[in-house]
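Bear in mind that the values in this text are calculations on the coordinates, not laboratory data. These numbers were taken from a predicted model, which means no experiment stands behind them. Heads up, the Cβs are rebuilt from the backbone with ideal geometry, glycines too, and the neighbour counts pull from every protein chain shown.
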Amino acid sequence: GEDVEQSLFLSVREGDSSVINCTYTDSSSTYLYWYKQEPGAGLQLLTYIFSNMDMKQDQRLTVLLNKKDKHLSLRIADTQTGDSAIYFCAENKGSARQLTFGSGTQLTVLP
Amino acid sequence: KAGVTQTPRYLIKTRGQQVTLSCSPISGHRSVSWYQQTPGQGLQFLFEYFSETQRNKGNFPGRFSGRQFSNSRSEMNVSTLELGDSALYLCASSGGTSGLTGELFFGEGSRLTVL
């Protein structure tokens with residue numbers, strides 16, 4: 001996952017917004033994804049964005065894509081303790097099912 | 001609709017042994033991908049199978065192999081285990097409309113410990 005970069009840790013207060021950032025490398029990636037992993041569990045797809053979009057909103061989640069800078073962000077509004085998890089961004093390189101993942105951002109939500 | 005099922009969930013092996021992991025995809029999904037997750041290397045793509053054929057392969061040695069059956073169930077095998085093979089092995093399935101967007105649905109994983 002060294003081609004996709006994320007900061008390792010983020011702490012926020014319950015009720016605040018969280019913003020998790022990601023820089024990817026392949027400008028030809030068609031889709032970019034955000035996955036969530038809770039302790040001892042597999043990965044859960046949160047949302048994805050098509051590369052010709054700038055923004056996608058899905059309930060508390062907002063994805064912003066800056067294709068020029070190859071920068072992707074995930075904003076979680078009204079962050080709850082249940083949102084504490086590791087968040088991975090991923091890009092598809094060459095094949096829609098061969099994803100390259102970032103190292104993951106550990107989100108900790110403080111009461 | 002049942003999710004992706006992986007067995008076994010946990011297993012312990014010793015160096016030099018071999019291991020087989022199983023994955024049952026979501027009903028109707030024909031693509032199965034495998035990923036290895038370790039603290040040091042993160043999530044890395046192993047291979048993908050579609051209709052019993054390997055379509056893509058990641059950068060892993062030949063000790064890692066897989067196959068897919070006609071019912072789309074998949075197995076992966078690791079021979080001559082090394083300590084560095086200790087990892088969480090994740091299987092993901094894709095199909096239908098999710099096949100167009102590349103959405104992967106992951107199982108809970110098989111955690112392999114090599115002693």
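Quick notes
- Sole residue being more than 14 Å from chain B (Cβ to nearest Cβ) and surrounded by 15 or more Cβ atoms within 10 Å (Cβ to Cβ), chosen from A:Thr62, A:Thr81, A:Thr100, A:Thr108: A:Thr62
- When restricted to residues that are closer than 17 Å to B:Pro8 by Cα and part of a strand (DSSP E or B), segment B:94-115 contains 6.
- Consider segment B:31-43 and keep the residues that are more than 7 Å from every other protein chain (Cβ to nearest Cβ) and touching a strand residue (DSSP E or B) at 6+ places or on another chain (Cβ under 6 Å). The one that is surrounded by the most Cβ atoms within 10 Å (Cβ to Cβ) is B:Val32.
- Any hit, segment B:12-24, residues being within 18 Å of A:Gln37 (Cβ to Cβ), within 12 Å of chain A (Cβ to nearest Cβ) and assigned to a strand (DSSP E or B): yes
- Residue count for segment A:29-60 under the criterion of being among the polar types (S, T, N, Q) and either touching a residue at least 40 places away in the same chain (Cβ under 8 Å) or closer than 30 Å to B:Pro8 by Cβ (or both): the result is 4.
- From B:Arg55, B:Arg63, B:Arg73, residue being surrounded by fewer than 18 Cβ atoms within 10 Å (Cβ to Cβ) and within 12 Å of another protein chain (Cβ to nearest Cβ): B:Arg55
- Residue match in segment A:38-47 (condition: surrounded by 20 or more Cβ atoms within 10 Å (Cβ to Cβ) and within 14 Å of chain B (Cβ to nearest Cβ)): yes
- Considering only residues in segment B:6-30 that are under 14 Å from the mean Cα position of the chain (by Cα), more than 19 Å from B:Phe50 (Cβ to Cβ) and among the polar types (S, T, N, Q), the one that is surrounded by the fewest Cβ atoms within 10 Å (Cβ to Cβ) turns out to be B:Thr7.
- Residues of segment A:38-54 satisfying the condition of being over 11 Å from the mean Cα position of the chain (by Cα), within 20 Å of A:Asp83 (Cβ to Cβ) and not in a loop (DSSP other than H, G, I, E, B): A:Leu43, A:Gln44
- Qualifying residue in segment A:17-30 (condition: within 14 Å of the chain's Cα centre (by Cα) and under 25 Å from B:Trp34 (Cβ atoms)): yes
- Lone qualifier among B:Val114, B:Val78 - being in contact with a helix residue (DSSP H, G or I) (Cβ under 6 Å, 6 or more places away or on another chain), surrounded by 20 or more Cβ atoms within 10 Å (Cβ to Cβ) and either under 18 Å from A:Asn92 (Cα atoms) or touching a residue at least 24 places away in the same chain (Cβ under 8 Å) (or both): B:Val78
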